[in-house]
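The values are calculated or read from the model by the stated rules, or taken from the named source; none is laboratory data. Since the model is a prediction, treat every value here as computed from it, not as a measurement. Here Cβ is always computed from backbone atoms with ideal geometry, including for glycine, and neighbour counts include all displayed protein chains. Each accessible area value is taken on the protein alone, full model and side chains, heavy atoms only, with ligands, DNA and RNA left out. Shrake-Rupley method; radii C 1.70, N 1.55, O 1.52, S 1.80 Å.
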Amino acid sequence: MTTEIPHAVRTRPVAGPDARVVVVGGGHAGAALVGLLRQGGHRGEIVLVGEEHDHPYHRPPLSKKFACAELEQVIRPREFYAEQGVTLRLGSPIVGLDPAARTVTSAGGDSLEYDVAVLATGARPRPLAVPGAGLAGVVGLRNLADARVLRSWVTEGRRLVIIGAGYVGLEVAAVAAAAGVPVTVLEREERVLNRVASAELSAIMAEAHGAHGVDIRVGALVAELVGSGGAVRGVRLESGETLSAEGVLVGIGAVPRTELAEAAGLECAGGVVVDEGARTSDPAVLAIGDVTVRPVDGVGRMRLESIPSATEQAKQAAAAILGTAPPEAEIPWFWSDQLDRKLKIVGVVRSGRAVVLRGDPTSGRFALFHHEHGLVRAVETSNSPADFMAGKKLITSGAVVEPRRLADPDVPLRDIVHAG
């Protein structure tokens, strides 16, 4: 069990305003944190270490907009880091964390001392454990290099097979289909978005993708990837069918990069375990972003893979380092761009709740309100920012609403929110 930090010490600074902070990971969480520290008046040295050579960049476009010419979108202007006195060490993977010596060690053998270390190492694509997974033309999607490969495939009009119908898989499929590229999506479960969305939203989105030419196969088990000359040429299913493929994207989830934390003896359980202040089991080590298992109000501990969660944890870590009041807990939310639809989900979707549909799915604009006896717990929306904001307010307020009024588009949302 994790030892909770007593409330009385939650606003004590981890090390003080002159502490040397070393952030391991150049993704959104790490880049957000260094900015928040300087904004909050931190005077000490800040070092941001990233294993990629690129300046910290936005990750969502990798799956949503990989076909665009301007794929690299930096989180902050390149000159920001020098102007704010943040030392960038790019292309420098960290391979060791020594809590006793308070040092991190790079693959090149360099050692960096810290007063506070922040692990923002993210996650890596889950590998596909079948024969042929190492063939050329088989990629995951986690960085700019992967996205550039996908862009070249779409430009060349290659026939694509996507293994995994989660958000990443369907986002890539939507972009490929819009470019006229033949694409098949294979999902081992019985519906798309099985782990991250309700059955109702899954059915709606599967139909929408099918209408745009995406061939979706559910209950499809991959036996092996077949190739010629060292390059992938097809995907053989356990049913015996072989699908032609000139490129294969593996999108079957992500694995938190906990190696550093585990080797250092930090508590891990499907991710680095942290409290509501981003503190790990070591008082001088924090962790933020996709690598963590974190508390979520009303749910318990879970791993959230989202930019909003990474940003919230960056705020928590900044407060812990600076000794300022911790930020208010936020309701988890996510977004996904697919086809002509912007999906926005607030709250944690779980089975067993009643679901109310507001709007018309065939129009592309609708909302699914998940409630327990009128208490709204989560809302899935498509092209409906008003429903998203109303759902967020209803979840926050804890108000009990009448489901029939939610379902009636003639009842203004503001009336429902105010009545609640």
Output the residues belonging to segment 102-116 that are open to solvent by 20 Å² or more (accessible area, probe 1.4 Å) and touching a residue at least 12 places away in the same chain (Cβ under 8 Å).
-> ARG102, ALA107, GLY108, ASP110, GLU113, ASP115
Residue count, segment 133-155, condition without any contact (Cβ under 8 Å) to a residue 12 or more places away in the chain and either under 19 Å from the mean Cα position of the chain (by Cα) or over 17 Å from LEU62 (Cα atoms) (or both), comes to 2
Taking the options ARG358, ARG303, name whichever one is buried (at least 18 other Cβ atoms within 10 Å of the Cβ), of a type in the set (Lys, Arg), touching a residue at least 24 places away in the same chain (Cβ under 8 Å) and within 25 Å of LEU406 (Cβ to Cβ).
-> ARG358
If you go through segment 270-294 one residue at a time, how many are open to solvent by 40 Å² or more (accessible area, probe 1.4 Å) and either under 18 Å from LEU97 (Cα atoms) or part of a strand (DSSP E or B) (or both)?
-> 2
Within segment 308-339, considering residues that are acidic (Asp, Glu) and without any contact (Cβ under 8 Å) to a residue 40 or more places away in the chain, the one surrounded by the most Cβ atoms within 10 Å (Cβ to Cβ) | GLU312
Extreme residue, nearest to GLY169 (Cα to Cα), among residues of segment 50-73 that are open to solvent by less than 40 Å² (accessible area, probe 1.4 Å) and out of contact with any Gly (no Cβ under 7 Å at 6 or more places or on another chain) | SER63
Could you list, in sequence order, all residues of segment 189-204 that are in a loop (DSSP other than H, G, I, E, B), out of contact with any Gly (no Cβ under 7 Å at 6 or more places or on another chain) and surrounded by fewer than 23 Cβ atoms within 10 Å (Cβ to Cβ)?
-> GLU189, ARG191, ASN194, SER198
Within the set of pairs 6+ apart or on separate chains, which have a first residue in segment 171-185 that is part of a helix (DSSP H, G or I), a second that is of a type in the set (Asp, Glu), and C-beta atoms under 7 Å apart?
-> GLU171/ASP337
Would you please name the residue that is least open to solvent (accessible area, probe 1.4 Å), looking only at residues in segment 389-420 that are more than 16 Å from ALA367 (Cβ to Cβ) and of a type in the set (A, V, I, L, M)?
-> ALA399
Per the filter on segment 129-170, residues farther than 14 Å from ALA67 by Cα, not in a loop (DSSP other than H, G, I, E, B) and not hydrophobic (A, V, I, L, M, F, W, C) are TYR167, GLY169
Just checking, how many residues over segment 126-158 are under 20 Å from VAL291 (Cβ atoms), surrounded by 14 or more Cβ atoms within 10 Å (Cβ to Cβ) and out of contact with any strand residue (DSSP E or B) (no Cβ under 6 Å at 6 or more places or on another chain)?
-> 3
Go through segment 339-351 and count every residue that is more than 17 Å from ALA199 (Cβ to Cβ) and not hydrophobic (A, V, I, L, M, F, W, C).
-> 4
Could you run through segment 213-225 and say how many residues are assigned to a strand (DSSP E or B), open to solvent by 20 Å² or more (accessible area, probe 1.4 Å) and either within 16 Å of ARG158 (Cβ to Cβ) or modelled with pLDDT under 95 (or both)?
-> 1
